[in-house]
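Please read the structure below before turning to the comments.
Just so it is clear, none of the values below were taken in a lab; they were calculated from the coordinates. Quick caveat: nothing in here was measured; it's all calculated off a predicted structure. So basically every Cβ, Gly included, is an ideal-geometry build from the backbone, and we count neighbours across all protein chains shown.
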Amino acid sequence: MEDRRRVIERLLAAHEAWFDVQRNHQFAGRAFPGYAEFHSTASQYVLVKRAKLWEASSHEYLFFCETPHLDEATWQDLLSFMTTEALAKVTLEPAHMSSYLSLVVVADKVDDGVVRSVRKAHFRKNFLFGLRGWVDLRVAVVDLGRGEIDTNTQGKPLRETLAANAFAGGASVREKGESTAVATVLSTASSEQDEAVAEASAARASSR
């Protein structure tokens with residue numbers, strides 16, 4: 001079975017090209033072996049940059065944690081953290097459009113009930129009825145014992161990068177410089193941002 005800490009390190013290394021990565025991150029009285037942030041801003045101008053039509057920023061705040069056994073109590077505690085304390089990571093600057101609060105748990109063993117809970121997990125918070133954007137929850141659990149990865153619906157874009165880097169086979173792919181998984185996730189994020197820009201523009205237009 002893979003060593004949890006080695007898996008975390010591989011996952012952090014895989015994100016370093018695109019995310020601001022921290023190891024041994026302390027937040028809200030908790031210790032995480034890894035943490036990563038991603039920020040992106042899109043804007044459109046008319047003729048000159050002084051005539052800005054719109055600007056929208058997207059963000060992701062990604063927590064990594066590890067445990068030998070992910071049971072229901074531990075999972076619910078982490079889920080509660082992500083939907084309460086972790087919200088403090090979101091900064092509502094004027095251009096804020098969307099943020100993801102993301103959690104990746106690496107465990108030797110995962111209870112069956114937790115797997116079902118992971119897949120059903122859902123959380124969205126709108127700010128000022130969506131006019132100041134929103135935040136969604138992404139969760140993923142890497143079960144080293146089963147060699148499987150489970151996510152909620154919003155967390156599906158995480159799966160490919162995790163699969164490519166969490167297990168021994170995936171690590172060898174990354175070491176050869178084939179960053180297909182990370183590129184796929186960033187391509188997906190770009191597509192999601194375009195969709196979110198359209199959604200935000202529609203929400204703002206309807207409020208006028």
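Lys and Arg at +1, Asp and Glu at -1: add these up for the other residues within a Cβ distance under 12 Å of HIS122 and post the number.
Within the 12 Å Cβ shell, the charges total +4.
Which residue, chosen from THR91, TRP75, LEU101, occupies the Cα position most advanced towards the positive end of the dipole of the range 70-109, where the dipole is computed from +1 (Lys, Arg) and -1 (Asp, Glu) charges on Cβ about the Cα centre?
THR91
Which cross-chain or sequence-distant (5 or more) residues have an amide H under 5 Å from the amide H of SER102, H modelled 1.01 Å from N in plane?
TYR61, LEU62, PHE63, ARG138
Please give the length that would be gained between ALA88 and GLN22 if that part of the chain were fully extended, namely 0.36 nm times their separation in residues minus their C-alpha to C-alpha distance (nm, one decimal).
Stretched out fully, the ALA88 to GLN22 stretch lengthens by 22.0 nm.
Can you order the peptides 80-91, 152-163 by their average number of other Cβ atoms within 10 Å per residue, highest first?
Result, highest mean first: 152-163, 80-91.
In nanometres, what is the gap between the two model label sites at GLU72 and LYS120, each 7 Å from Cα along Cα-to-Cβ?
Label at GLU72, label at LYS120, 1.0 nm between them.
Which value in nm describes the separation of the simple spin-label points at LYS109 and LEU128, placed 7 Å from the Cα toward the beta carbon?
Label-label distance for LYS109 and LEU128, simple model: 5.0 nm.
Using a/c under 1.5 as the rounded threshold, could you call the range 113-159 rounded, prolate or oblate? The axes a ≥ b ≥ c are square roots of the C-alpha gyration tensor eigenvalues, and prolate needs a/b larger than b/c, oblate otherwise.
It is prolate, given that a/c is not under 1.5 and a/b is the larger ratio.
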